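Where a number appears in this text, it was derived from the coordinates with a stated rule and is not lab data. Small disclaimer: the values here were computed from a predicted structure and weren't measured. Positions of Cβ are generated from backbone atoms using ideal geometry, with glycine treated the same way; all protein chains shown enter the neighbour counts.
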Amino acid sequence: MTKTFKALGVLLTYPTFELQAAAGEILAVIEAEKRLPAKNRAALGELIAELSESELVDLQEGYVALFDRGRATSLNLFEHVHGESRERGPAMLDLMQVYASGGYSLDSSELPDYLPLMLEFLSQRPFAQADDMLSDCAHIIRRIGDALARRGSHYQAVPAALLAMIGEAGLSPRPARDADPDELGEAALAAEQALLDKDWMDAPVVFGPEGAPDCKPVPAAASVIRFMPRQQPGERGSRNQ
């Protein structure tokens, strides 16, 4: 079990009084397990401070603006690879089967590809399985983190931490924030959405070992969802040894 995964997932959930009250406990879990480099723990500390010290209504409005409007920062992972296509339904069923095989019962109104929900599941599994599953969707996690970084959001610390935990290259190097105004600006948002739409059409997602030919097959009992890696320049780095 790796409690840090659950802590990171909780940080990505909709801000509530309960989340604010638990901020110190979340930070304590992250510090105690020491799964993350100091720079990642420091960045998460800044996010946690923001969550605990800001007005709740401001946090909630900012959360909705970040995660509920636009696909680039959606926390539903299959939205980044399937969009609203018919393939998304079978992919959801496959993921639910993975949860069921791990003894995890969905008791949530969230979809199974919701990242915080997946991280809660992975926090209860052996680290090797979590590593395998998250490595297959690292390109999506990085894309979400990059989009959050372009908006200058402290939430970028969570995708960056996940990538660090599984030994993947971090967020793409770029200025911390686009020249201000509101978020990215209309032109940049349109360009970002066009790129995302094109990516959906480039290649299908394949499940099982055949979906990631460079990965070794895993036993059926430990099978995980496979996300087709996007082999785009600079998007996926080499795993740390």
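Ranked from highest to lowest mean number of other Cβ atoms within 10 Å per residue, what is the order of the peptides 35-46, 162-173? Don't skip to the answer; put the middle values down first.
Values: 35-46: 16.0, 162-173: 17.8.
So the peptides 35-46, 162-173, ranked by packing, come out 162-173, 35-46.
Which peptide among 135-144, 116-125 comes first, and what is the full order, when sorted by highest mean count of other Cβ atoms within 10 Å?
Values: 135-144: 23.1, 116-125: 21.3.
Ranking, from highest mean packing down: 135-144, 116-125.
Report the relative contact order of the stretch 1-98, percent, no decimals, based on alpha-carbon pairs under 8 angstrom and at least 6 residues apart. Mind dumping the intermediate values first?
Working: 53 pairs, mean separation 23.4, N = 98.
Worked out over the stretch 1-98, it gives 24 percent.
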